[in-house]
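J.: To start, I am sharing the structure in question, which I have written as structure tokens.
The values are calculated or read from the model by the stated rules, or taken from the named source; none is laboratory data. Given the structure is predicted, the values throughout are model-derived calculations rather than measurements. As a convention, Cβ positions derive from the backbone with ideal geometry for all residues, glycine included, and neighbour counts pool all protein chains shown. All accessible areas refer to the heavy atoms of the entire protein, side chains included, with ligands and DNA or RNA removed. Shrake-Rupley method; radii C 1.70, N 1.55, O 1.52, S 1.80 Å.
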Amino acid sequence: MTPIIRTVSDLRALARAWKSKGETIGVVPTMGALHDGHLSLARRARSECDRVITTIFVNPKQFNNPDDLKKYPRSEEADARLLATVPVDAIFAPPVEEVYPEGFISTVTLAGVAQPLEGHMRPGHFDGVATVVTKLFGMSLADRAYFGQKDWQQLQVVLRLVRDLNVPVEVVGCETIREADGLAMSSRNVQLTTRGRTKAPVLYAAITRAAEDIRSGHADRMAIREAAETMRAAGFDRVEYIELRDAETLMPSDDPTRPRRMLAAAWIDGVRLIDNIPV
Ligand code: AMP
């Protein structure tokens, strides 16, 4: 079975031993409740690095809603079994006090890319992400870190912070893994009711259609409005946003010569889903 490490000093000792042999380290940060999306990152890391560490840490600082944190699915034993199939060399699953000991007062904050969309809807979320990711990089001595495009804005935030703070980690963005019906895999999908699960793929279908319409010359706003209407008609309770943005800065963009991304967040049956696609 894969060793499960609980303390920063044990993780550091292991990483230092690997480094002293000249081995490269890949880290895959997760919050657990693993699915094929997470495993695809671990497999990519496996194919590109000598050593792979998967971290499992439900980071309280990135939850702006205490109820969401309490309800977040946790399944460490099943996660370890899945990771053994990759396989990874170590699982780092520290308790909260190990990551944020008494007296912890530092925060990594980004302006710009971290402010709109998820940053606006979930105040403090990206401060929590940027802080924990910076810490995990420092703890694991990773050469490469693997993130999913599923959380596109998060990926851009991490790319920016690594550049801005000269963090010697290569950030690798990996494709979104989807269920057969198009729904992006997410730990939160297990919280969907049967009805919610049937309707949830409409999110991806609606933004895919809107992106196609925009590519074939339809007005951006019209295509987006139609996508929102399709989702509401399918039973989504609330469409928080559907936005066409510059893929890197996440600022509004009507320049089709630059890479653009359509990003969306919506609620169905009390579960908040996000997705994004290139346009
Ligand atoms: P999470 O456990 O939700 O914090 O996700 C951990 C990492 O897995 C993040 O980099 C996510 O973007 C990535 N991830 C989550 N779902 C998927 C997916 N369906 N496909 C690819 N990567 C994903």
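J.: How big is Rg to Rh over the chain, alpha-carbon atoms, Rh as the Kirkwood inverse-mean-distance radius? The partial results should precede the final answer.
T.: Details: Rg = 19.1 Å, Rh = 19.6 Å.
My calculation of the ratio gives 0.97.
J.: Can you tell me the convex hull volume per residue for region 187-273, based on C-alpha atoms, in Å³ to the nearest whole number? Don't skip to the answer; put the middle values down first.
T.: Numbers: hull volume 7.8 nm³, N = 87.
Value for region 187-273: 89 Å³ per residue.
J.: Nearest 20 debye, what's the magnitude of the dipole of region 4-174 about its Cα centre given +1 on Lys and Arg Cβ and -1 on Asp and Glu Cβ?
T.: Details: 20 positive and 20 negative charges, 50 e Å.
Its charge dipole is roughly 240 debye.
J.: On to the next question. Report relative contact order for the chain in percent, whole number only (criteria: Cα-Cα under 8 Å, sequence separation at least 6).
T.: Result for the chain is 18 percent.
J.: In percent, how large is the relative contact order of region 136-258, given Cα pairs closer than 8 Å and 6 or more residues apart? Could you put the intermediate results ahead of the total?
T.: Details: 103 pairs, mean separation 20.8, N = 123.
It comes to 17 percent, rounded to a whole number.
J.: Let me ask another. Taking a temperature of 20 °C and a viscosity of 1.002 mPa s, what whole-number D in µm²/s does Stokes-Einstein yield for region 28-163 with Rh from Kirkwood over alpha carbon pairs?
T.: Diffusion coefficient, whole number: 138 µm²/s.
J.: Rounded to the nearest Å, what's the spacing between the alpha carbon centres of region 189-222 and region 17-93? Just the number, please.
T.: Using only Cα atoms to place each centre, the spacing works out to 29 Å.
J.: OK, next. Angle, helix 8-20 long axis vs. longest principal axis of the chain, Cα atoms, 0 to 90°, nearest 10?
T.: That helix lies at roughly 80 degrees to the long axis.
J.: Would you mind telling me the share, in percent, of accessible area of the chain contributed by carbon and sulfur at probe 1.4 angstrom?
T.: Accessible surface attributable to carbon and sulfur in the chain totals 52 percent.
J.: For the residue pair GLU102 and LEU165, what label-to-label distance in nm results when each label sits 7 Å from Cα along the Cα-to-beta-carbon direction?
T.: 2.6 nm
J.: Relative to the first principal axis of the alpha-carbon coordinates of the chain, what is the inclination of helix 152-164, with its axis defined by its Cα atoms, in degrees from 0 to 90 and to the nearest 10?
T.: It is inclined by approximately 50 degrees.
J.: Once every DSSP H run of n ≥ 4 in the chain is given -39500 (n - 2.57) and the sum is divided by its residues, what mean residue ellipticity at 222 nm do you get, rounded to the nearest 500 deg cm²/dmol?
T.: -12000 deg cm²/dmol
J.: Which angle between 0 and 90 degrees, to the nearest 10, do you get for helix 220-234 versus the longest principal axis of the chain when only C-alpha atoms count?
T.: The two axes meet at around 80 degrees.
J.: Could you report the chain's accessible area per residue, 1.4 Å probe, as an integer in Å²? Mind dumping the intermediate values first?
T.: Working: 12980 Å² over 279 residues.
Per-residue accessible area for the chain comes out at 47 Å².
J.: Of all the stretches in the chain, which is the longest one without any exposed loop site, taking GluC sites (Glu not before Pro) in a DSSP loop (any state but H, G, I, E, B) with at most 13 other Cβ atoms within 10 Å?
T.: Working: sites that count: GLU102, GLU175.
Answer from the scan: 176-279.
J.: Next question, about the same structure. Any idea which of VAL129, PRO259, HIS218 is furthest toward the positive side of the dipole for the chain, if Lys and Arg beta-carbons carry +1 and Asp and Glu beta-carbons -1?
T.: With unit charges placed on the Cβ atoms, the residue in question is VAL129.
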